[in-house]
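**Student:** I'd like to ask you about the structure that follows.
The values are calculated or read from the model by the stated rules, or taken from the named source; none is laboratory data. Treat the numbers as computed from the prediction; the structure is a model and nothing was measured. Note that we place each Cβ from the backbone using ideal geometry, even for glycine, and neighbour counts take in every protein chain shown. We work out accessible area using only protein heavy atoms, side chains counted, and drop any ligands, DNA or RNA first. Shrake-Rupley method; radii C 1.70, N 1.55, O 1.52, S 1.80 Å.
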Amino acid sequence: MPVPVRVLLPDGQELTARLWARHETPRGWFYEVGLPSYRNTEDGDVEPAEYRVWVRAPEHVRPVGGVSYRAVPTERLEKPSAVREVLGPRRPSGWVLLKLDGGRGVVHPVDCEEAPVGALALTLDSALDAAEHPGTRLCSLCGAGAELDPLLQGFVHGFEGED
């Protein structure tokens, strides 16, 4: 059941509308409001109507005093996992090879600013194969070396002297 809400129109008018739903997005909240209007009927008459539109909240809407909004259907964003909150957004997977003159090349993660645009993404195994080729280096700008070196070295760092 919709509840009343104040809507601010582009020309500065403020009117009472009906709030049907709320939706949280990465860009903020949007409210589905029903604005009162009129429409023409097929027989040439005029009847009351409602025009529904999504508006930004709180920029375009204001609560009506004494009205509870608890029953309004509300869709919230899924909360990120604690791991994702600590680590931040996940990096896209894949690697690309920037080919240079003389059979040389540079391996980059796909999201490196130095990676060639539109290059075919390599699997991890293909990136490791390319990195082992003489004349190919790992990008130091984006940390490709820090990610691939342990795999190329067989994880020996930190385990020297152990059998």
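Table: residues versus (1) in contact with a strand residue (DSSP E or B) (Cβ under 9 Å, 6 or more places away or on another chain); (2) aliphatic (A, V, I, L, M); (3) open to solvent by 100 Å² or more (accessible area, probe 1.4 Å).
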residue	(1), (2), (3)
ARG90	no, no, yes
GLY94	yes, no, no
GLY103	yes, no, no
VAL107	yes, yes, no
GLY118	no, no, no
THR123	yes, no, no
ALA127	yes, yes, no
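**Student:** Listed residues LEU77, LEU87; which is under 30 Å from PHE30 (Cα atoms) and free of Cβ contacts under 8 Å to residues at least 24 places away in the same chain?
**Tutor:** LEU87
**Student:** Could you tell me whether PRO80 is modelled with pLDDT of 75 or more and not in a strand (DSSP E or B)?
**Tutor:** no
**Student:** Please determine whether any residue of the range 39-48 is among the small types (Gly, Ala, Ser), closer than 16 Å to VAL3 by Cβ and out of contact with any strand residue (DSSP E or B) (no Cβ under 8 Å at 6 or more places or on another chain). Explain how you work it out, then say what you get.
**Tutor:** From the range 39-48, those among the small types (Gly, Ala, Ser) are 44; that's our starting set.
Going one step further and asking which of them are closer than 16 Å to VAL3 by Cβ, we end up with none.
No, the conditions are met nowhere in the range 39-48.
**Student:** Within the range 132-151, restricting attention to residues that are modelled with pLDDT under 85, hydrophobic (A, V, I, L, M, F, W, C) and out of contact with any Pro (no Cβ under 9 Å at 6 or more places or on another chain), which residue is farthest from ARG91 (Cα to Cα)?
**Tutor:** So, considering only residues that are modelled with pLDDT under 85, hydrophobic (A, V, I, L, M, F, W, C) and out of contact with any Pro (no Cβ under 9 Å at 6 or more places or on another chain), the one farthest from ARG91 (Cα to Cα) is LEU151.
**Student:** Name the residues in the range 102-114 that are over 22 Å from the mean Cα position of the chain (by Cα) and at pLDDT 85 or above, would you?
**Tutor:** GLY102, ARG104, GLY105, VAL106, VAL107, HIS108, GLU114
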